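Enquirer: Before I ask anything, let me first share the structure, which is written out below as structure tokens.
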Amino acid sequence: MSEVSQATSGTRPGSGFRGDVQGLRAVAVLLVIAAHARFDAFDGGFVGVDVFFVISGFLITGLLVREVATTGRVSLLGFYARRARRIIPAATVVLVGTVAASAIFLPVLRTTEIFTDALWASFFAANVRFAVVETDYFATDQPVSPLQHYWSLAVEEQFYVVWPLLLLVLALVVRRRGARGGGGAEMSLRSLALGSLGLLTVASLAWSIWATYDSPATAYFSTFTRGWELGLGAVLAVLLATPVRRRLPRWLLEAAAVVGLLAIAGAVLLYSPQTAFPGYAAVLPVLGAAILLGVGGLPGGERTGVARVLSLAPARVIGDWSFSLYLWHFPVLRIAGAHWGERTLSPLHLVAALGAVVALSALTFYLVEQPFRRGRWWRLPRVAVALYPASVGILLLALVAGNGWVDRRLGVNDDNPAITSADYEGGPERISDDPARALVQASVLAAREGRPVPGTLVPPLRGIRQDTAPLGECDYRTGTTRLCPVGDTDAERSLVVIGDSHARAWTPATNLVGERFGYTAYNLVYSGCPASQAERLDPETKREWPECNDFKQWTLATIAELEPDLVLVSSAALPKVIGLDGSSVVGFTKPRKFRAVQLDGMRRELEMIQALGPDVALLANTPKLPREPGVCLSSGVSDLGGCLFDAGADARRYQKGFAKVARQVGATVVDAEKWFCYQRACPSVVGNYVTMRDSEHMTTAYARTLAGPLAEELGLETP
């Protein structure tokens, strides 16, 4: 990703510089940019990153092998000094620039999370950060971070923590064997390096295949699943370290080069973001890149048609700029899209964004990359290595300044009062006698009038996405089967809450109901796993989900054992599920079949619970909003009207269907929409409470305010 030859002219045999490698880097970065710019024909352009990995492993290992062959050792200080000069300056400039641009152009809610991403990226751990976020169910609706592409840089640097150390150990082993100098030592080291690298590469590929099958979201970012790609480039570098004297037929070299190029092109055209990756799929572009590098390193390979095209001056220039282009393109495209409110940029905005990418990349290459790589002062290893802590310090200063700016933006509304129902009593529109509904109604009227956003929001916008209802030691996603009684734990009566993350969002209210009305409460909730006899597939692997199925069976068995007085059910209609025929898979793309499966699954679930004896109530119809309230409120809107949303029609339709089924089987139905919306309009703020932490889950604070209305709706009485 980051290593590039210092030369700037064409291929010169014997010089160590290869123009075709620069051209291949240009191909890789252009593919990545095209994919991220969402050109339909380049959906698979993300494989450009894999091409980069092979090139990086090839170039870095070539330098290391030549150093060992010349000096008999590996200078770790020298190696990391070179990496620091090459990586740190440009990467830091882009990090600081992204932090500043995010603070200026993006909603505050997103900005604070990007600050966290930047800190992880500065320690070359962005891949760990994004792997964790991607596997969190609660993060699935979050926009992509403009720093997500730093994951690949983290993979490289983690690989290069291990590989030079391994080569150093191998060199020491050779020296201890007494093979000092001469071809014997070189061949001995070459054999050891090939054996070690080959073993690690095969192991990494095997793990990549398994991990991609088992957990695609985390496998995508893992150094262990990507290491074989760098390793293959390294193996190739070791093989080519010994000059090849025999010339292969020209036609064979030409054919091999074309095959390599077609392998990469085939991956670009055949793959899409839905392709399980890396795994088996990564083999095609990786082998293609390795073939091109290998052919170009053989006698006569630099004169193949493919190599000559890749060595053309425009390709070499893009190859020279490729690191800066890679660093800048993603934050510019993502921040531009978020600022202009376009998931796919319009042609005019796309041209403007790509123009900014080219300009920033050129400036970064000439004013940052080149001076640090060529400056005499920076060639001192100890000075160069000091760039690592210096970059972290610079970023921390930028984050402090950014947080100050965020606080200033958040403080704009400090003096604005909360909305109250009394504000609209006696007005032209009759206010409900129900206090909870009256406050929702008043909040909608306030938004329609353009009232300012209240100053003291509950919860605060900072960290609102993490405002997830706590489960203590009973987060059943961990595999535990223990019980965690809450509410009034000494009560003789009990209630059980079951369902997915929507049920979890209700638990602050139901816990308080239990405490106030004399119920021991049990929260048997599993995010992403609805309380339904419709079998949902694993949302990550798209295969059977035994953990969810086992949990649902355990839930019914636990209800039978607890013999609760009341069971509260809340779930969303989540894809994909097994069809009624037991073999087909249906999702939102087949709405009629999907609806039929969902309603049948809910009906059977409610009937099975009723057969166990408790009263059953369905908590239905919390709205699904088109935008996160916290993001909207922190995006610089001048009044509440800018964050007044319509309830999502599709989700509402499914929830109304669940309610109809529940009534048919004799269960109680609590239609929650009245506590969030009035006349289908849903305010982001009710009173001074932010109702939703994302587009469809309640904040814990607002859920607690619904404990009383919920108990009244259920007809509960104090003991």
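What follows draws every value from the coordinates through simple rules; no lab data is involved. Small disclaimer: the values here were computed from a predicted structure and weren't measured. Here Cβ is always computed from backbone atoms with ideal geometry, including for glycine, and neighbour counts include all displayed protein chains.
Enquirer: Rounded, prolate or oblate: which fits region 561-670, taking a ≥ b ≥ c as square roots of the Cα gyration tensor eigenvalues, rounded meaning a/c under 1.5, else prolate when a/b beats b/c?
Expert: Here region 561-670 falls in the oblate category.
Enquirer: Which values, in whole Å and largest first, are the semi-axes of the equivalent ellipsoid of region 464-714 obtained as the square root of 5 times each eigenvalue of the Cα gyration tensor?
Expert: 27, 24, 17
Enquirer: Given only helices, namely DSSP H runs of n ≥ 4 each adding -39500 (n - 2.57), what is the per-residue ellipticity at 222 nm of the chain, to the nearest 500 deg cm²/dmol?
Expert: Mean residue ellipticity at 222 nm (helix-derived): -18500 deg cm²/dmol.
Enquirer: In whole Hz, with x marking every Gly and Pro, tabulate ³J(HN,Hα) for region 205-220 from phi via Karplus 6.51 cos²θ - 1.76 cosθ + 1.60, θ = phi - 60°.
Expert: Per-residue couplings from phi come out as 5, 4, 5, 4, 5, 5, 5, 5, 6, 7, 8, x, 5, 7, 5, 4 Hz.
Enquirer: Identify, among Phe323, Leu524, Leu76, the residue whose Cα sits farthest towards the positive end of the charge dipole of the chain, taking +1 on the Cβ of Lys and Arg and -1 on the Cβ of Asp and Glu, with the dipole about the Cα centre.
Expert: Result: Leu76, furthest along the dipole toward the positive end.
Enquirer: Something else now. What do you get for the angle between helix 150-176 and the principal long axis of the chain? Use alpha-carbon atoms, 0 to 90 degrees, nearest ten.
Expert: 40 degrees
Enquirer: Oh, and also: Apply 1/(1 + (r/R0)^6) to the Cβ-Cβ distance of Leu367 and Leu397, taking R0 = 25 Å, and write down the FRET efficiency to the nearest 0.05.
Expert: Calculated transfer efficiency: 0.80.
Enquirer: Report, in debye and to the nearest 20, how large the dipole of the chain comes out about its Cα centre when Lys and Arg carry +1 and Asp and Glu carry -1 on their Cβ.
Expert: Here the size comes out at about 4420 debye.
Enquirer: Here's another thing I want to ask about it. Which lysines, on any chain, are close to Lys624 with Cα under 22 Å apart, when same-chain ones fewer than 8 places away are left out?
Expert: Cα-Cα hits under 22 Å: Lys576, Lys590, Lys593, Lys656, Lys660, Lys674.
Enquirer: Could the peptides 97-104, 363-370, 577-584 be put in order, highest first, of the mean number of other beta-carbon atoms found within 10 Å of their residues?
Expert: 97-104, 363-370, 577-584
Enquirer: Let me ask something else. If you take the square roots of the eigenvalues of the alpha-carbon gyration tensor of region 255-337 and sort them as a ≥ b ≥ c, do you get rounded (a/c under 1.5), prolate (a/b over b/c) or oblate?
Expert: Taking the square roots of the gyration eigenvalues as a ≥ b ≥ c, region 255-337 is oblate.
Enquirer: How far, in degrees from 0 to 90, does helix 387-410 lean away from the longest principal axis of the Cα atoms of the chain, to the nearest 10?
Expert: 30 degrees
Enquirer: Given 10 Å bins starting at zero, what is the percent of C-alpha pairs of region 34-123 in each, up to the one with the largest pair distance?
Expert: All Cα pairs, binned at 10 Å, distribute as 13, 25, 33, 19, 8, 1 percent.
Enquirer: Moving on. Which of the trypsin sites (Lys or Arg not before Pro) found in region 319-374 are loop residues per DSSP with 16 or fewer other Cβ atoms within 10 Å of their Cβ?
Expert: Answer by residue number: Arg343.
Enquirer: Sort region 621-719 into rounded, prolate or oblate with this rule: let a ≥ b ≥ c be the square roots of the eigenvalues of the Cα gyration tensor; rounded if a/c is under 1.5, and if a/c is not under 1.5, prolate when a/b is larger than b/c, oblate otherwise.
Expert: Cα axes put region 621-719 in the oblate bin.
Enquirer: Now for a separate question. Hull surface divided by four, with the convex hull built on the Cα atoms of region 659-702: how many nm²?
Expert: In nm², the orientation-averaged hull projection of region 659-702 is 4.0.
Enquirer: How many percent of DSSP beta bridges within the chain run antiparallel, rounded to 5?
Expert: Once the DSSP bridges in the chain are tallied, antiparallel ones form about 35 percent.
Enquirer: Quick check: pseudo-label points 7 Å beyond the Cα along Cα→Cβ at Arg430 and Tyr280, how many nm apart are they?
Expert: 6.7 nm
Enquirer: Multiply the residue gap between Leu63 and Arg408 by 0.36 nm, knock off their C-alpha separation, and tell me the result in nm, one decimal place.
Expert: Contour length minus Cα-Cα distance gives 119.3 nm.
Enquirer: Using Stokes-Einstein with the Kirkwood hydrodynamic radius over Cα pairs, what translational diffusion coefficient do you get for the chain at 4 °C and a viscosity of 1.567 mPa s, in µm²/s rounded to a whole number?
Expert: 45 µm²/s
Enquirer: For the ranges 394-401, 262-269, what's the packing order if you count other beta-carbon atoms within 10 Å of each residue, average per peptide, and put the highest first?
Expert: 262-269, 394-401
Enquirer: Show me the ranking of peptides 621-631, 417-427 by mean Cβ neighbours inside 10 Å, starting with the highest.
Expert: 621-631, 417-427
Enquirer: Here's a follow-up. Could you tell me what fraction of 2.2 N^0.38 Å the Cα radius of gyration of region 19-404 comes to, as a two-decimal ratio?
Expert: 0.99
Enquirer: A further question follows. Magnitude of the Cβ-charge dipole of region 370-494, K/R +1 and D/E -1, about the Cα centre, nearest 20 debye?
Expert: 1740 debye
Enquirer: Okay, next question. Taking +1 at the Cβ of each Lys and Arg and -1 at the Cβ of each Asp and Glu, which of Cys484, Gly57, Gly296 sits farthest along the dipole of the chain towards its positive end, judged by Cα position relative to the Cα centre?
Expert: Gly296
Enquirer: Same structure, new question: So what is the relative contact order of region 19-404, in percent, for Cα pairs below 8 Å that sit 6 or more residues apart?
Expert: That works out to 32 percent.
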